[in-house]
Structures are given as C-alpha cells and as structure tokens.
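Here the structure comes first, spelled out in structure tokens, and everything after it is commentary.
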Amino acid sequence: MYDGPVQDLIDELGRLPGVGPKSAQRIAFWLLEQPQADIERLATVLMTVKEHTRTCSVCFNVTDEQTCRICRDPRRDRSLICVVEESKDVVAIERTREFHGLYHVLGGSISPIDGRGPGDLRIAELVRRLSDPAVEEVILATNPNLEGEATATYISRLLADTPGIRVSKLASGLPVGGDLEYADDVTLGRAFNGRRYVGDE
C-alpha cells in the first residue's frame, strides 16, 4: 500500500501482539514524526534488551543477571514456589503484594493443538527444585483457561506423591478463559489468599 520502508515498518509493527493493521499504520506514522534522537534511542533500547536479557538460572524469570532480583532477595519465603506460565504473570502477582515466596516460570502451557507437551515446559526443572528441603508448598498459578487447567492438573498429579510438598491452586474468582496479566489486583490477591490444596478437592 505504501512505498518501501514505510510499508516494511507497518508490516513489522503489525506482527506485534494486539496490533492490527490500522494500529500498525498509526504507530508507523507517529514514529516517522518523532525526532531522529528519539528513534535512535528506541532502536538502542530494543537491541540492548535483546542482547542482555536472559532467563534466571533458578526460576527462569526474565532478568539481565545470572539470577533474578526475586531469587536473590533473602527476605523471600523459600518454602513457597509459585508456578506460572510466563514472566508477565510474575509481574501480575507481584503487583498484588500478597505473595512473598519464589516463582517458577514454565515457559508456556500444555497445548496439544500447538504441539506443546509437558516435555516442552520447564516441569523437570521444577521437580529438581523440590529436592530443596526448604520447599513446603507449590502454588499452581496457571491461567484459568483450558491449557492452563490442563497444565495445573498434570503438575498436581506429578507432584501428588512428593513427600513433604503440598500442592495448591489459586481460588476461583479469576475469570475462566482469561489471562492473569489482565486480572485486577484485588481479584488476583483474593485468589491467592483463598487458594485451595489440590488433595482437599
């Protein structure tokens, strides 16, 4: 529709999640109106985050160091591990200020349609972490949709006979079919406080 680089920019912006063709066009023309220095700064930040961002060697959260800020924090409760699908879910839970333990980021959920099974997630790494005698509870905080529920069910069955470990799930109140990142802080906080133990269902 447009010539050369402008259309290339619109096409690339259109690949971003939640950005449709009209939004991509609007963003592209907004970028064209910005000063050169602002565009260069944005480009530098994009390259820097790609080059220096890695996953935490313990919990697999996004970080720019060997271990993330949460895993390094001595004030965190090391008896609790909250299992989430993605790093953005860590941010959502941290906003509630209700959870003070550690995290484990799976890197997705079980989804046969997408060809993603348990072996494609960081479940084996989670099991290895449970050899630490300090760990007493695993909280399953996967998204309340079909894939998230399947993932939580798989992990709860896998850990059912692990000695000294209780497995809990977030309480209802989170919308079925939704994503944690879109849940409001109060709802997510109440779900955490009202979590139920899997063996008690």
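Residue by residue, here is whether (1) surrounded by 12 or more Cβ atoms within 10 Å (Cβ to Cβ); (2) in contact with a helix residue (DSSP H, G or I) (Cβ under 6 Å, 6 or more places away or on another chain) holds:
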{"site": "ASP8", "(1), (2)": "yes, no"}
{"site": "PRO21", "(1), (2)": "yes, no"}
{"site": "GLU51", "(1), (2)": "no, no"}
{"site": "CYS59", "(1), (2)": "yes, yes"}
{"site": "CYS71", "(1), (2)": "yes, no"}
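What residue, of THR162, THR151, is farther than 18 Å from SER87 by Cβ and either in a helix (DSSP H, G or I) or at pLDDT below 95 (or both)? Reasoning before the result, please.
Working: THR151 fails: farther than 18 Å from SER87 by Cβ.
One residue alone meets the criteria, THR162.
Six or more apart or on different chains, Cβ under 8 Å: which pairs go from a residue in the stretch 85-112 that's in contact (Cβ under 8 Å) with a residue 12 or more places away in the chain and within 19 Å of THR151 (Cα to Cα) to one that's among the hydroxyl-bearing types (Ser, Thr, Tyr) and part of a strand (DSSP E or B)? Could you list them?
These pairs meet every condition: VAL90/TYR103; ILE93/TYR103; VAL105/THR55.
Return yes when LEU126 is within 21 Å of the chain's Cα centre (by Cα) and surrounded by fewer than 15 Cβ atoms within 10 Å (Cβ to Cβ) and no when it is not. Please lay out each step first, then the result.
On the way: within 21 Å of the chain's Cα centre (by Cα): yes; surrounded by fewer than 15 Cβ atoms within 10 Å (Cβ to Cβ): no.
Against the criterion (within 21 Å of the chain's Cα centre (by Cα) and surrounded by fewer than 15 Cβ atoms within 10 Å (Cβ to Cβ)), LEU126 does not qualify.
Any residue in the stretch 156-170 that's over 9 Å from VAL198 (Cβ atoms) and surrounded by 15 or more Cβ atoms within 10 Å (Cβ to Cβ): show its pairings with residues that are among the aromatic types (Phe, Trp, Tyr) and modelled with pLDDT under 95 at Cβ separation under 8 Å, as long as the two are six or more apart or on different chains.
These pairs meet every condition: LEU170/PHE192.
Just checking, which of SER168, SER172, SER109, SER131 is modelled with pLDDT of 95 or more, among the polar types (S, T, N, Q) and out of contact with any Pro (no Cβ under 6 Å at 6 or more places or on another chain)?
On the way: SER168 fails: modelled with pLDDT of 95 or more; SER172 fails: modelled with pLDDT of 95 or more; SER131 fails: modelled with pLDDT of 95 or more.
Going through SER168, SER172, SER109, SER131 in turn, the sole match is SER109.
Could you list, in sequence order, the residues of the stretch 123-145 that are charged (D, E, K, R) and either touching a strand residue (DSSP E or B) at 6+ places or on another chain (Cβ under 7 Å) or not assigned by TED's automatic domain parsing to the domain that holds GLU181 (or both)?
Keep residues of the stretch 123-145 that are charged (D, E, K, R), which gives 125, 128-129, 132, 136-137.
Correct list: ARG129, GLU136, GLU137.
Would you say LEU32 is touching a helix residue (DSSP H, G or I) at 6+ places or on another chain (Cβ under 6 Å), of a type in the set (A, V, I, L, M) and either farther than 30 Å from THR153 by Cα or in contact (Cβ under 8 Å) with a residue 40 or more places away in the chain (or both)?
Numbers: touching a helix residue (DSSP H, G or I) at 6+ places or on another chain (Cβ under 6 Å): no; of a type in the set (A, V, I, L, M): yes; either farther than 30 Å from THR153 by Cα or in contact (Cβ under 8 Å) with a residue 40 or more places away in the chain (or both): yes.
Here the answer is no, as LEU32 does not meet what is asked.
Do we have PRO112 as exposed (fewer than 13 other Cβ atoms within 10 Å of the Cβ), more than 21 Å from ALA124 (Cβ to Cβ) and assigned by TED's automatic domain parsing to the domain that holds ALA124 here?
Values: exposed (fewer than 13 other Cβ atoms within 10 Å of the Cβ): yes; more than 21 Å from ALA124 (Cβ to Cβ): no; assigned by TED's automatic domain parsing to the domain that holds ALA124: yes.
Taking the combined requirement at face value, the residue does not satisfy it.
What's the number of the condition VAL90 fails, among (1) in contact with a Phe, Trp or Tyr (Cβ under 9 Å, 6 or more places away or on another chain); (2) surrounded by fewer than 18 Cβ atoms within 10 Å (Cβ to Cβ); (3) modelled with pLDDT of 95 or more?
The failed condition is (2).
The values are calculated or read from the model by the stated rules, or taken from the named source; none is laboratory data. This one's a predicted model, so the numbers in the text were calculated from it and none came from an experiment. For neighbour counting, all protein chains shown are included, and Cβ atoms are generated from backbone atoms with ideal geometry for every residue, glycine included.
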